[in-house]
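Engineer: Please read through the structure below; I'll follow up with questions.
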Amino acid sequence: MEYKLKAYYRESEKPQVLRREGKLPGIMYNKNVNRKLYVGLGEFDKVFRKAGVHHVITLELEDGETVDTVVRAVQLNKRRRRPEHVDFYVLTKGQTLDMYVTLKFVGEPKGVKLGGVLSTELTDLEVRVLPRNIPDHIEVDVSDLDIGDALHASDLDLPEGVELLTDPEAVIAAVVPPEDVEKLEAEEAEAEEFEAEPEVIKRGKTEEEEEE
């Protein structure tokens, strides 16, 4: 799916004035480009809810130029939880992205039917991919897992053009015996205590960014 967003160059307009007018200040950049701009806050919200940081957003600029970008970061108002600034990273032809793609688990493991419990160790996978080939998710079929079985990153069938960056030996999911359930639940509860909502939404770097 294509995502488009009208954007306007920003010269002397102050960010706080733009925000009061319902506009979102930002920049578009890479190692060769650095321009201030702004987009409509409402329009950005609609597009970003669908595209997120994983899909290409084509900026339609006021001079007629179109630029393929990905959202690099969104700064949020701490009190209102509203976007206050957005960074668009400008893509070049043939450039790949290093990013995390959500895992979608399907099927009921054989081991669960025998009393085991499915433990999902990872919820996303780090991959390298061309922007136009970014999958919405990667499907993980756990149907064949028996008690004591584990599924590793290297076991997954990735879509064409998607290169695995996560450790191939990393455990994606496992079916644990019933006696290990209490230990598993305790570990999950402890992990939840340290979760916090981020103030800045980010995505992974491009190869070009890593070289800068």
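Bear in mind these aren't lab numbers, they're just calculated from the coordinates by the rules spelled out. These numbers come from a predicted model, not from an experiment. Here Cβ is always computed from backbone atoms with ideal geometry, including for glycine, and neighbour counts include all displayed protein chains.
Engineer: Based on the alpha-carbon set only, what is the convex hull volume of region 97-191 divided per residue, in Å³?
Structural biologist: Dividing the Cα hull volume of region 97-191 by its residues yields 95 Å³.
Engineer: Next question, about the same structure. Could you pull out every residue, at least 5 positions away or on a different chain, whose amide H is within less than 5 Å of the one on Thr58? Hs are placed 1.01 Å off N in the peptide plane, and Pro or chain starts have none.
Structural biologist: The answer is Tyr3, Lys4, Leu5, Thr69.
Engineer: Right, next: Under unit Cβ charges (Lys, Arg +1; Asp, Glu -1), what dipole magnitude, rounded to 20 debye, does region 97-191 have relative to its Cα centre?
Structural biologist: 320
Engineer: List every residue whose amide H lies under 5 Å from the amide H of Leu97, counting only residues 5 or more places away in sequence or on a different chain, with H placed 1.01 Å from N in the peptide plane.
Structural biologist: Here the answer is Val129, Leu130, since their amide H atoms fall under 5 Å of that of Leu97.
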